[in-house]
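The values are calculated or read from the model by the stated rules, or taken from the named source; none is laboratory data. From a predicted model like this one, the values you see are computed outputs, not experimental measurements. Neighbour counts are summed over all protein chains in view; Cβ atoms, including those assigned to glycine, are modelled from backbone coordinates with ideal geometry. Note: areas computed on protein heavy atoms with side chains; ligands, DNA, RNA excluded. Shrake-Rupley method; radii C 1.70, N 1.55, O 1.52, S 1.80 Å.
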Amino acid sequence: VSAIKPKVVKSVHFCPVTRQHESRVYVDATDPQLGLPAVDASGRELSDRVISITSSVYPTKDKDGNSLETEFGLSTYKDHQTVTLQEMPERAPMGQLPRS
């Protein structure tokens, strides 16, 4: 079992040149919403849009090439932990290591 680490769900960035905020939402294979219909602000399903895996690239510049600063306090994180299951050593065949 790994340590619990924060995983970015939504990052918020500020551009000092334009004085604008922009945000990016991240969806990976562990997200429970993956494959479900998207929902609008009022809670209605958008049947023509399905939530899919997004790019994990973290933005450093805006569309005009201006540098972005991450607003860590405005970004959203979730706890993430990796669990590896392995057979018990006493059940492994003699002379072999347990398999993952």
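Only one of these is open to solvent by less than 80 Å² (accessible area, probe 1.4 Å) and either in contact with a Ser or Thr (Cβ under 9 Å, 6 or more places away or on another chain) or under 12 Å from Val8 (Cα atoms) (or both): Asp40, Asp62, Asp79. Name it. Break it down into steps so the answer makes sense when it comes.
Values: Asp40 fails: either in contact with a Ser or Thr (Cβ under 9 Å, 6 or more places away or on another chain) or under 12 Å from Val8 (Cα atoms) (or both); Asp79 fails: open to solvent by less than 80 Å² (accessible area, probe 1.4 Å).
Of the residues listed, the single one that is open to solvent by less than 80 Å² (accessible area, probe 1.4 Å) and either in contact with a Ser or Thr (Cβ under 9 Å, 6 or more places away or on another chain) or under 12 Å from Val8 (Cα atoms) (or both) is Asp62.
Residue count for region 49-77 satisfying the condition of being closer than 24 Å to Val39 by Cβ and among the β-branched types (Val, Ile, Thr): 5.
When the residues of region 1-36 are filtered to those that are closer than 17 Å to Ser56 by Cα and basic (Lys, Arg), the one that is surrounded by the fewest Cβ atoms within 10 Å (Cβ to Cβ) is Lys5.
Number of residues in region 65-76 that are open to solvent by 90 Å² or more (accessible area, probe 1.4 Å) and in a loop (DSSP other than H, G, I, E, B): the value is 2.
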